[in-house]
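Working notes, beginning with the structure itself.
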Amino acid sequence: MENGKSVKGAPKRKSDEFSNPFLTQEVKIHSSPAQAVFENGYEKCDSALRSLSVVLPAVLKSDNEIMTVNGAVDHLINNAFANLRNESARLKKIAEDNGIEIGRINYTNVTTYQAKITCNKSGQYLQMIRELDRLMELVHSTWLAGFIADDAKGALERQWRRKTLGVSAEISAILARAFSAAQKLKHDAQAGSDQAETDSPADEVVGTPKKKSRKTKIQTSDSAEASTPLMGEDAGLAEQSTKGNGLVTVTL
């Protein structure tokens with residue numbers, strides 16, 4: 001800006017362009033099931049969680065509805081954490097009861113990822129993937145020790161990979177339902193506003209002409225104006241009155 005004036009030719013910022021914060025975190029994942037969850041579920045989950053955290057409140061504009069959506073997400077994440085940790089505790093207990101020492105095992109393809117965290121709950125889902133990775137280490141340790149069979153190992157890998165990916169899918173579904181509900185509320189409010197305008201007295205006067213009352217004056221001697229009939233009088237009822245000056249007014 002020069003002398004209080006905008007620089008000619010400078011690009012204008014769009015109203016919807018914001019500088020949003022994010023954090024990049026390095027995460028090392030050992031097992032293939034946990035790697036598959038990160039590669040197929042993390043970015044989608046991060047995007048959905050950010051929309052729920054930042055975009056949805058601007059759309060719903062209702063604290064109760066926002067609390068309901070956030071409560072559903074928190075319940076889903078907390079349950080997933082509890083299930084993963086319970087399964088880890090179960091495997092540890094069985095190994096200890098059978099005298100199997102579970103040590104740190106090595107993997108042939110340990111992968112380090114750069115996880116972009118754009119909202120607070122994204123970090124929780126990233127931690128869930130770490131929990132899955134640790135659970136898989138327990139599964140593989142007990143398998144290598146001969147404690148579980150090949151088919152049981154494969155079944156546990158598939159089960160917990162699907163469950164953790166399912167959390168990402170369900171969060172995306174919650175987002176879709178929340179936006180659908182917000183659109184419905186907006187549509188209903190618009191429809192109600194349009195209906196209110198249609199039903200307004202001004203529209204009734206313009207759009208629906210009323211029946212006019214017809215007055216017949218019968219004069220006996222002098223001319224005079226007849227009074228206007230009251231609104232709401234039955235058009236089929238004829239009322240006749242005789243005034244002191246001899247004027248008879250008949251309303252049909």
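The values are calculated or read from the model by the stated rules, or taken from the named source; none is laboratory data. Note that the coordinates shown come from a computational prediction; the quantities given were computed from them, not determined experimentally. Using ideal geometry, Cβ is built from the backbone for each residue, glycine included, and neighbour counts are taken over all protein chains shown.
Checking each residue in segment 132-156 for being over 42 Å from the mean Cα position of the chain (by Cα) and of a type in the set (S, T, N, Q) picks out only Thr142. How about segment 61-73: which of its residues are loosely packed, with under 13 Cβ neighbours inside 10 Å and either touching a Lys or Arg at 6+ places or on another chain (Cβ under 9 Å) or hydrophobic (A, V, I, L, M, F, W, C) (or both)? Hit for segment 61-73 is Met67, nothing else. In summary, helices (runs of 4 or more DSSP H) completely within segment 1-96 and bearing 1 or more residues that are modelled with pLDDT under 85 occur at 56-60.
Here segment 142-168 is the region considered, the condition is being outside any helix (DSSP H, G or I) and not aliphatic (A, V, I, L, M), and the residue that is surrounded by the fewest Cβ atoms within 10 Å (Cβ to Cβ) is Gly146.
Can we say Val139 is modelled with pLDDT of 90 or more, within 24 Å of Val55 (Cβ to Cβ), part of a helix (DSSP H, G or I) and out of contact with any Pro (no Cβ under 6 Å at 6 or more places or on another chain)? I'd like the intermediate steps shown before the answer.
Values: modelled with pLDDT of 90 or more: yes; within 24 Å of Val55 (Cβ to Cβ): no; part of a helix (DSSP H, G or I): yes; out of contact with any Pro (no Cβ under 6 Å at 6 or more places or on another chain): yes.
Criteria not met by Val139.
Determine whether Ile171 is surrounded by 18 or more Cβ atoms within 10 Å (Cβ to Cβ) and touching a strand residue (DSSP E or B) at 6+ places or on another chain (Cβ under 8 Å).
Details: surrounded by 18 or more Cβ atoms within 10 Å (Cβ to Cβ): yes; touching a strand residue (DSSP E or B) at 6+ places or on another chain (Cβ under 8 Å): no.
Considered against the rule, which asks whether it is surrounded by 18 or more Cβ atoms within 10 Å (Cβ to Cβ) and touching a strand residue (DSSP E or B) at 6+ places or on another chain (Cβ under 8 Å), Ile171 comes out as no.
Return yes or no: is Thr24 within 23 Å of the chain's Cα centre (by Cα) and over 30 Å from Thr142 (Cα atoms)? No, not satisfied. Looking only at residues of segment 90-108 that are charged (D, E, K, R) and surrounded by 11 or more Cβ atoms within 10 Å (Cβ to Cβ), we find that the one that is nearest to His140 (Cα to Cα) is Lys92.
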